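Engineer: Pasting a structure here, questions to come.
The values are calculated or read from the model by the stated rules, or taken from the named source; none is laboratory data. The structure presented is a predicted model; accordingly, all values stated were derived computationally and were not measured. Note that we place each Cβ from the backbone using ideal geometry, even for glycine, and neighbour counts take in every protein chain shown.
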Amino acid sequence: MRLVKNFDALNKTPERKMCLELVETALSSIQPDKVIKKNVSISNNRLTIQNLTIDLNEFHRIFLLGFGKGSAKLSYYIEQLLINHLIKGFVIDLVPEHFKKIEYTIGTHPLPSEKNLLFTRKTIQQFNNLTITDLVIVVIAGGGSALLVNPYNISLEKLIETNKMLLRSGATISEMNVVRKHLDLVKGGGLAKILYPARLVTLIASDVPGNDLSTIASGPTVKDVTTKEDAFDILKKYNLWETLSLSIDELLETPKEDMYFRNISNILISSNKTALETMEKKAKNFGYKILIESDKLQADAQTIGKMLIEKTPPHTILLAAGETTLKVKGQGQGGRNQELVLNALRTVSNDVVISSFDSDGWDNSAFAGAVGDYKTLEKAKRLNLNLEEFLQNNNTFPFFEKVGDGINTGRLPSNVSDLMIVLRK
């Protein structure tokens with residue numbers, strides 16, 4: 001069964017079909033069952049995660065803690081492997097899931113909520129008596145910054161407002177997470193301090209360009225090198241400090257003591273490189289030249305589509321991954337991937353197909369992203385749709401809904417940032 005539910009409806013030309021096959025291949029490669037099978041195994045009470053082997057007999061208790069978009073399904077497969085060893089577990093994600101030993105909470109994203117806060121505080125209470133004989137498997141996926149929250153010295157309402165303004169500011173994911181680290185007790189190594197002195201093994205699915213482990217989900221088990229002053233500078237850069245009426249006392253310094261991080265293994269098990277490499281391998285079957293632009297692309301969603309098209313020579317497929325930024329000015333519905341494609345349609349030629357999509361299937365709306373080409377423009381013209389009107393209000397979802405070129409996957413249990421494809425005949 002295809003992950004792109006409307007594959008046949010989108011498949012209007014041979015070039016589109018190749019593009020959609022790459023979308024399907026990319027999404028399939030990062031699904032949790034494949035990720036866990038590739039990275040994790042257990043034999044004779046020895047747990048192996050990539051090059052790390054842990055003798056489970058050395059621990060009196062084994063726990064699991066998971067948070068982030070895609071963490072539930074990853075945790076599901078880990079629970080199956082550890083079913084005879086696991087004492088208890090706690091996971092928060094966005095989609096329904098069933099466990100045998102793990103307590104599961106459906107939280108909210110992209111903004112934190114009372115649900116997320118209650119989950120975090122309840123979980124922390126459960127881990128208040130850990131010792132060196134305890135092992136905690138921590139499963140982290142992108143989106144964990146919103147799902148695991150315990151504000152330091154501000155109200156939940158103010159934390160929500162801060163996150164809302166950061167998301168609309170045009171700040172990069174790294175900049176946003178620097179601010180989040182200094183507002184929250186579980187971020188920037190804070191969780192490592194809370195779980196100390198237990199042995200921690202953290203499995204990380206990255207949604208961050210460049211895979212900086214201290215940025216993914218705001219680095220809850222990674223020693224942080226940023227300071228309160230760094231967070232202050234970012235808030236000033238985007239004119240948020242006075243707007244939010246934050247005081248310096250409402251920022252905390254993240255744990256800097258080495259002892260909290262000596263007994264932790266942070267292991268990257270999935271990233272956009274997995275999807276890029278799989279797409280590259282598939283694309284070679286099409287007889288086109290392949291160009292990998294970047295696996296850590298960070299650019300303005302309103303301009304990068306045009307730039308990617310310009311970088312794609314004839315008879316070439318360009319592949320890229322990363323996370324664009326978008327300064328939201330309108331009140332419309334849609335996300336940065338649809339914004340990228342719709343902006344690119346302003347200058348797209350008849351020999352180009354462009355697609356951009358979110359690996360978790362949700363581009364701030366019910367579409368994962370979109371595909372665009374001359375067929376899209378023809379349909380828009382027939383329907384008398386004005387591209388500029390939709391763009392001015394950041395209203396991209398209704399546009400692609402009307403022309404029928406939104407990519408529909410539903411929410412997926414995976415999250416490795418955004419992926420882009422340009423095919424030029």
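Engineer: What's the number of the only condition in (1) touching a residue at least 12 places away in the same chain (Cβ under 8 Å); (2) in the same structural domain as Lys38 (by TED's automatic domain parsing); (3) under 30 Å from Thr53 (Cβ atoms) that Leu240 fails to meet?
Structural biologist: Here Leu240 meets the rest and fails (3).
Engineer: I've got another one for you. For residues that are touching a Leu at 6+ places or on another chain (Cβ under 7 Å) and among the aromatic types (Phe, Trp, Tyr), scanning just the stretch 102-156, find the one that is farthest from Leu47 (Cα to Cα).
Structural biologist: Once the filter is applied, the top-ranked residue is Tyr152.
Engineer: Checking Ile124 against (1) under 22 Å from the mean Cα position of the chain (by Cα); (2) among the aliphatic types (A, V, I, L, M); (3) part of a helix (DSSP H, G or I), which single condition isn't satisfied?
Structural biologist: Result: Ile124 passes all but (1).
Engineer: Evaluate the following for Asn84: is it at positive phi and either touching a Phe, Trp or Tyr at 6+ places or on another chain (Cβ under 8 Å) or surrounded by fewer than 23 Cβ atoms within 10 Å (Cβ to Cβ) (or both)?
Structural biologist: Working: at positive phi: no; either touching a Phe, Trp or Tyr at 6+ places or on another chain (Cβ under 8 Å) or surrounded by fewer than 23 Cβ atoms within 10 Å (Cβ to Cβ) (or both): yes.
So Asn84 does not fit the description; no.
Engineer: Further question: Regarding Val348, is this residue surrounded by fewer than 22 Cβ atoms within 10 Å (Cβ to Cβ), of a type in the set (Val, Ile, Thr) and without any contact (Cβ under 8 Å) to a residue 60 or more places away in the chain?
Structural biologist: yes
Engineer: Could you give every pair whose Cβ atoms fall below 7 Å, whose first residue belongs to the stretch 39-60 and is within 15 Å of Val136 (Cβ to Cβ), and whose second residue is part of a helix (DSSP H, G or I), counting only separations of at least 6 or pairs across chains?
Structural biologist: Matching pairs, first to second residue: Leu47/Leu56; Ile49/Asn39.
Engineer: Follow-up. Determine, yes or no, whether Ser218 is assigned by TED's automatic domain parsing to the domain that holds Ala146 and closer than 20 Å to Asp295 by Cβ. It would help to see each step written out before you state the result.
Structural biologist: Working: assigned by TED's automatic domain parsing to the domain that holds Ala146: yes; closer than 20 Å to Asp295 by Cβ: no.
Taking the combined requirement at face value, the residue does not satisfy it.
Engineer: If you don't mind, there's one more thing I want to ask. Within the stretch 154-166, work out how many residues are free of Cβ contacts under 8 Å to residues at least 60 places away in the same chain and surrounded by 18 or more Cβ atoms within 10 Å (Cβ to Cβ). First the steps, then the outcome.
Structural biologist: Within the stretch 154-166, the subset free of Cβ contacts under 8 Å to residues at least 60 places away in the same chain is 155-157, 159-160, 163-164.
Next, from what is left, pick out any that are surrounded by 18 or more Cβ atoms within 10 Å (Cβ to Cβ): 159-160, 163.
Of the residues in the stretch 154-166, 3 are free of Cβ contacts under 8 Å to residues at least 60 places away in the same chain and surrounded by 18 or more Cβ atoms within 10 Å (Cβ to Cβ).
Engineer: Hey, can you tell me all the residues within the stretch 205-249 that are among the charged types (D, E, K, R) and within 22 Å of the chain's Cα centre (by Cα)? Give the steps one after another, and end with the answer.
Structural biologist: Kept after step one, since they are among the charged types (D, E, K, R), are these residues of the stretch 205-249: 207, 212, 223-224, 228-230, 233, 236-237, 242, 249.
Matches in the stretch 205-249: Asp207, Asp212, Lys223, Asp224.
Engineer: Identify, by number, the condition in (1) among the hydrophobic types (A, V, I, L, M, F, W, C); (2) crowded, with 18+ Cβ neighbours inside 10 Å; (3) touching a helix residue (DSSP H, G or I) at 6+ places or on another chain (Cβ under 6 Å) that Leu252 doesn't meet.
Structural biologist: (3)
Engineer: Something else: For the stretch 363-383, name all the residues that are without any contact (Cβ under 8 Å) to a residue 60 or more places away in the chain and not small (Gly, Ala, Ser).
Structural biologist: Asp363, Phe367, Tyr374, Thr376, Leu377, Glu378, Lys379, Lys381, Arg382, Leu383
Engineer: For the subset of the stretch 292-325 comprising residues that are modelled with pLDDT of 95 or more and of a type in the set (Asp, Glu), which member is surrounded by the fewest Cβ atoms within 10 Å (Cβ to Cβ)?
Structural biologist: Taking the candidates together, the pick is Glu310.
Engineer: Can you name every residue in the stretch 95-138 that is among the hydrophobic types (A, V, I, L, M, F, W, C), modelled with pLDDT of 95 or more and within 17 Å of Asp207 (Cβ to Cβ)? Step through it out loud before you land on a result.
Structural biologist: So in the stretch 95-138, the residues among the hydrophobic types (A, V, I, L, M, F, W, C) come out as 95, 99, 102, 106, 111, 117-119, 124, 127, 130, 132, 135-138.
Subset that is modelled with pLDDT of 95 or more: 99, 102, 106, 111, 117-119, 124, 127, 130, 132, 135-138.
Listed by number, the residues that qualify are Leu111, Val138.
Engineer: Here is a follow-up. What are the pairs with Cβ atoms under 6 angstrom where one residue, in the stretch 171-199, is over 18 Å from Gly322 (Cα atoms) and the other, located anywhere, is of a type in the set (Lys, Arg) and assigned to a loop (DSSP other than H, G, I, E, B)? Sequence gap at least six, or different chains.
Structural biologist: Arg180/Lys187; Lys181/Lys187; Gly189/Lys223
Engineer: Among the residues of the stretch 77-95, is there at least one that is among the hydroxyl-bearing types (Ser, Thr, Tyr) and out of contact with any helix residue (DSSP H, G or I) (no Cβ under 7 Å at 6 or more places or on another chain)?
Structural biologist: No, the stretch 77-95 has no match at all.
Engineer: With respect to the numbered conditions (1) in contact (Cβ under 8 Å) with a residue 12 or more places away in the chain; (2) surrounded by fewer than 24 Cβ atoms within 10 Å (Cβ to Cβ), which one is the sole condition not fulfilled by Asn386?
Structural biologist: (1)
Engineer: Name the single residue that is nearest to Ile160 (Cα to Cα) among those in the stretch 75-110 being assigned to a helix (DSSP H, G or I) and without any contact (Cβ under 8 Å) to a residue 40 or more places away in the chain. Step through it out loud before you land on a result.
Structural biologist: First, pick out the residues of the stretch 75-110 that are assigned to a helix (DSSP H, G or I): 75-81.
Subsequent filtering for residues that are without any contact (Cβ under 8 Å) to a residue 40 or more places away in the chain retains 79-80.
Details: Glu79: 32, Gln80: 35 Å.
Residue satisfying both the conditions and the ranking: Glu79.
For (1) at pLDDT 95 or above; (2) out of contact with any strand residue (DSSP E or B) (no Cβ under 9 Å at 6 or more places or on another chain); (3) in the same structural domain as Thr48 (by TED's automatic domain parsing), each residue gets a yes or a no:
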site	(1), (2), (3)
Ile140	yes, no, yes
Lys164	no, yes, yes
Ser174	no, yes, yes
Val178	yes, yes, yes
Pro197	yes, no, yes
Ala205	yes, no, yes
